[in-house]
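Please read the structure below before turning to the comments.
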2 protein chains.
Amino acid sequence: MPKRLGKQTVIIESNVSIISSAAIVGVKEGEGPLSNYFDTIIEDAEWGEESWEKTESKMQREAVMTALKKGNVTESNLHYLLAGDLLNQSIGSTFGLREMGVPFFGLFGACSTMAESLSLAAMLTDGGFSDYSAAVTSSHFCTAERQFRMPLEYGGQRTPTSQWTVTGAGAAIVSKNGSGPYIRHVTTGKIVDMGIKDPNNMGSAMAPAAVDTMTAHFQDTGRTPDFYDLIVTGDLGAVGRAITIEMMEKNGYILDKYDDCGCMIFDLEQQDVSAGGSGCGCSAATLCGYILKSMTDKVFNNVLFIATGALMSPTTTLQGETIPAIAHAVAISNE
Amino acid sequence: MPKRLGKQTVIIESNVSIISSAAIVGVKEGEGPLSNYFDTIIEDAEWGEESWEKTESKMQREAVMTALKKGNVTESNLHYLLAGDLLNQSIGSTFGLREMGVPFFGLFGACSTMAESLSLAAMLTDGGFSDYSAAVTSSHFCTAERQFRMPLEYGGQRTPTSQWTVTGAGAAIVSKNGSGPYIRHVTTGKIVDMGIKDPNNMGSAMAPAAVDTMTAHFQDTGRTPDFYDLIVTGDLGAVGRAITIEMMEKNGYILDKYDDCGCMIFDLEQQDVSAGGSGCGCSAATLCGYILKSMTDKVFNNVLFIATGALMSPTTTLQGETIPAIAHAVAISNE
């Protein structure tokens with residue numbers, strides 16, 4: 001049977017399972033609506049480390065170790081680590097995972113990394129190259145803020161369209177054996193750039209990429225949104241979520257069981273996060289905490305997970321560039 | 001037949017071919033010993049662009065377009081782009097390739113990216129997920145220098161162990177059909193950190209990673225160095241090259257047909273590059289220019305290509321961290 005389905009989608013024929021997952025989040029995320037679904041809520045922004053970058057690295061490492069433990073797998077069973085993050089030169093991943101002694105593929109998909117890492121893990125497993133692999137990513141409010149925006153001490157005002165970088169890490173263990181949830185399809189995104197220039201409006205920059213990949217997924221598979229009992233984007237927030245619903249409707253798809261991790265992980269009314277959560281950790285912690293747990297509990301049986309990433313850097317913003325974006329989709333099913 | 005061979009190596013069973021490649025380099029590289037093997041030598045550091053970052057992006061795009069043309073493949077045939085670079089948030093790749101409309105996997109392996117992208121391209125192809133894909137990376141002396149070290153105008157002195165970032169891009173088109181050269185084995189590196197802290201001595205930081213992966217390759221495959229008529233590391237330079245030879249000898253392997261792209265792309269006596277070339281573009285341009293052309297001409301028939309990456313950032317260096325490194329190996333053969 002051919003594995004390719006249309007221009008952007010592939011079928012994962014064998015029963016590639018997510019056998020376990022773990023989510024570690026910060027204080028603010030621990031006070032949000034998904035609080036009960038996280039494995040660890042760290043006690044402060046430092047978690048015993050001397051820099052926030054080291055804290056973020058520790059979160060990735062602990063997320064992988066917790067997921068391994070929950071899946072009864074040891075580090076020595078892992079064939080690949082697939083990991084990345086938002087920090088320059090992906091130091092959250094490389095420093096966090098350097099002691100594990102596992103073959104390592106570093107990824108950069110900005111906030112789409114959770115879906116990118118699951119996509120590659122699924123294909124490497126189905127291709128016969130991997131028995132066990134770990135897909136992992138993270139973000140930290142304090143490391144992201146000082147790298148992409150201003151020193152925290154500056155105390156700059158935030159615009160209503162801005163989003164709050166999630167302090168969180170998620171790890172999933174992907175296996176060639178297991179009883180699900182199964183990764184059934186992978187739809188890989190193209191870079192989409194609609195000309196948005198405002199780095200305080202990521203939702204608008206990323207929504208067209210989510211729409212592009214979601215539309216490709218439906219066209220490639222012949223499915224309609226009602227096949228899924230949850231369609232979930234990564235970190236578009238309230239602004240990008242509304243744009244996505246509107247653009248998908250123009251493309252002929254009504255999204256009625258749709259939400260966005262950036263709107264789910266925080267209480268947007270109460271938690272002062274402007275348009276919602278963002279960062280690699282937003283979709284990673286929501287998937288590896290809430291969504292996969294809910295699939296195990298049969299609350300959801302078919303989920304389309306579309307993590308979204310904005311691919312700019314402070315340098316490109318200063319050079320007057322627009323913001324390219326990307327979205328990768330993974331279809332996860334209990335059957 | 002099982003595809004896994006030992007802890008770190010996989011066999012690529014089908015005839016996954018590198019059907020074409022292209023290398024674009026800067027002025028200094030064009031004056032070096034490999035001058036005749038490059039597709040394009042740009043006329044100055046800007047190549048008509050208004051920033052060096054935009055120049056680097058243009059080099060990646062043109063490398064892919066040239067390789068596609070040489071392979072008689074169009075953009076619409078490509079199933080995947082696998083790309084990354086040294087710049088923060090991989091903007092060389094994302095901005096360079098954003099208009100191509102091809103599903104995109106962003107990678108971060110620092111200077112190991114050429115081997116990382118070829119590794120994943122080979123596995124996705126052998127796994128039945130890709131007919132044609134492009135593996136691409138780049139570096140630019142001026143973008144790397146101002147991001148990792150000092151503004152160029154500062155004119156800082158260089159230490160003898162420092163290396164000169166290559167201005168160069170390389171792209172390879174990987175196909176499920178073709179008449180070679182074939183990717184036969186992929187040995188994926190673990191992160192290795194031997195405690196080196198000096199960012200002006202990358203060769204010493206990366207050599208242990210090259211040794212680790214090379215040793216794993218020989219152990220996993222049962223081969224000895226004499227199987228290959230060229231074993232080539234990515235950008236260890238003269239210092240790292242000497243360390244590699246010595247460490248491999250201690251591991252029981254005599255490397256007599258071994259060289260390093262950082263020592264090959266420049267004339268170390270004449271070109272004032274201290275210990276040699278470095279950067280993603282160093283191994284990429286040497287492979288996609290000189291080595292693959294020499295394989296087509298049967299000068300080499302069996303090559304072990306091991307690209308090496310230093311995974312630090314200026315932030316980790318300022319925070320007193322050591323330099324983790326990684327090396328990925330790809331065995332390429334005419335048979």
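Annotations
- Taking every residue in the stretch B:113-124 that is in the same structural domain as B:Ser283 (by TED's automatic domain parsing) and of a type in the set (Lys, Arg) and pairing it with any residue that is open to solvent by less than 10 Å² (accessible area, probe 1.4 Å) and part of a helix (DSSP H, G or I), at least 6 positions away or on another chain, yields no pair with a Cβ-Cβ distance below 6 Å.
- The residues listed here are B:Pro199, B:Pro208; of these, the one that is under 22 Å from B:Thr165 (Cβ atoms), assigned to a loop (DSSP other than H, G, I, E, B), under 20 Å from the mean Cα position of the chain (by Cα) and touching a residue at least 24 places away in the same chain (Cβ under 8 Å) is B:Pro199.
- Residue count for the stretch A:103-162, restricted to those that are under 11 Å from the mean Cα position of the chain (by Cα) and among the acidic types (Asp, Glu): 1
- When the stretch B:79-117 is filtered for residues that are in a helix (DSSP H, G or I), aliphatic (A, V, I, L, M), farther than 17 Å from A:Thr316 by Cα and facing chain A (nearest Cβ under 9 Å), only B:Ala110 remains.
- So A:Glu53, is it within 20 Å of the chain's Cα centre (by Cα), crowded, with 24+ Cβ neighbours inside 10 Å and among the charged types (D, E, K, R): yes
- For the residues B:Ile42, B:Ile91, the requirement of being within 27 Å of B:Phe266 (Cα to Cα), hydrophobic (A, V, I, L, M, F, W, C), in the same structural domain as B:Ser119 (by TED's automatic domain parsing) and without any contact (Cβ under 8 Å) to a residue 60 or more places away in the chain singles out B:Ile91.
- Of all residues in the stretch B:140-155, those satisfying the criterion of being within 13 Å of another protein chain (Cβ to nearest Cβ) and either part of a loop (DSSP other than H, G, I, E, B) or open to solvent by less than 40 Å² (accessible area, probe 1.4 Å) (or both) are B:His140, B:Cys142, B:Thr143, B:Ala144.
- Hey, A:Val303 more than 14 Å from every other protein chain (Cβ to nearest Cβ), under 25 Å from A:Asp220 (Cβ atoms) and among the β-branched types (Val, Ile, Thr) or not: yes
- Per-region count, the stretch A:4-49, residues in contact with a strand residue (DSSP E or B) (Cβ under 6 Å, 6 or more places away or on another chain), open to solvent by less than 50 Å² (accessible area, probe 1.4 Å) and not in a loop (DSSP other than H, G, I, E, B): 16
- Residues (in contact (Cβ under 8 Å) with a residue 40 or more places away in the chain and open to solvent by 30 Å² or more (accessible area, probe 1.4 Å)) located in the stretch A:221-263: A:Thr221, A:Phe227, A:Asp229, A:Val239, A:Ile243, A:Met247, A:Asn251
- When residues of the stretch A:121-139 are limited to those that are assigned to a helix (DSSP H, G or I) and within 7 Å of chain B (Cβ to nearest Cβ), the one most open to solvent (accessible area, probe 1.4 Å): A:Asp126
- Of residues in the stretch A:166-217 being under 17 Å from A:Cys288 (Cβ atoms) and not small (Gly, Ala, Ser), the one most open to solvent (accessible area, probe 1.4 Å): A:Tyr182
- Restricted to the stretch A:222-299, the set of helices (runs of 4 or more DSSP H) holding at least 2 residues that are basic (Lys, Arg) and at pLDDT 95 or above comprises A:237-250.
- Check on A:Gly48, more than 10 Å from chain B (Cβ to nearest Cβ), farther than 18 Å from B:Gln319 by Cα, more than 16 Å from the chain's Cα centre (by Cα) and among the small types (Gly, Ala, Ser): no
- The residue that is surrounded by the most Cβ atoms within 10 Å (Cβ to Cβ), among those in the stretch A:307-321 that are hydroxyl-bearing (Ser, Thr, Tyr) and more than 9 Å from chain B (Cβ to nearest Cβ), is A:Thr308.
- Qualifying residue in the stretch B:77-88 (condition: touching a residue at least 24 places away in the same chain (Cβ under 8 Å), open to solvent by 10 Å² or more (accessible area, probe 1.4 Å) and farther than 21 Å from A:Lys190 by Cβ): yes
- Residues of the stretch B:67-78 that are within 23 Å of the chain's Cα centre (by Cα), assigned to a helix (DSSP H, G or I) and either within 16 Å of B:Glu99 (Cβ to Cβ) or in the same structural domain as B:Gly281 (by TED's automatic domain parsing) (or both): B:Leu68, B:Glu75.
- Within the stretch A:277-323, the set of residues being in contact with a strand residue (DSSP E or B) (Cβ under 7 Å, 6 or more places away or on another chain) and under 14 Å from A:Asn201 (Cα atoms) comprises A:Gly277, A:Ser278, A:Gly279, A:Thr308, A:Gly309, A:Ala310, A:Leu311, A:Ile323.
- Residue satisfying all of: in the stretch B:308-327; in a strand (DSSP E or B) and out of contact with any Leu (no Cβ under 8 Å at 6 or more places or on another chain); farthest from B:Ser139 (Cα to Cα) among these: B:Ala327
The values are calculated or read from the model by the stated rules, or taken from the named source; none is laboratory data. Everything numeric in this text was worked out from a predicted model, so none of it was measured. Because the Cβ atoms are built from the backbone with ideal geometry, glycine has one as well, and the counts that use them run over all protein chains shown. Remember, those area values only see protein heavy atoms, side chains included, never the ligands or the DNA or RNA. Shrake-Rupley method; radii C 1.70, N 1.55, O 1.52, S 1.80 Å.
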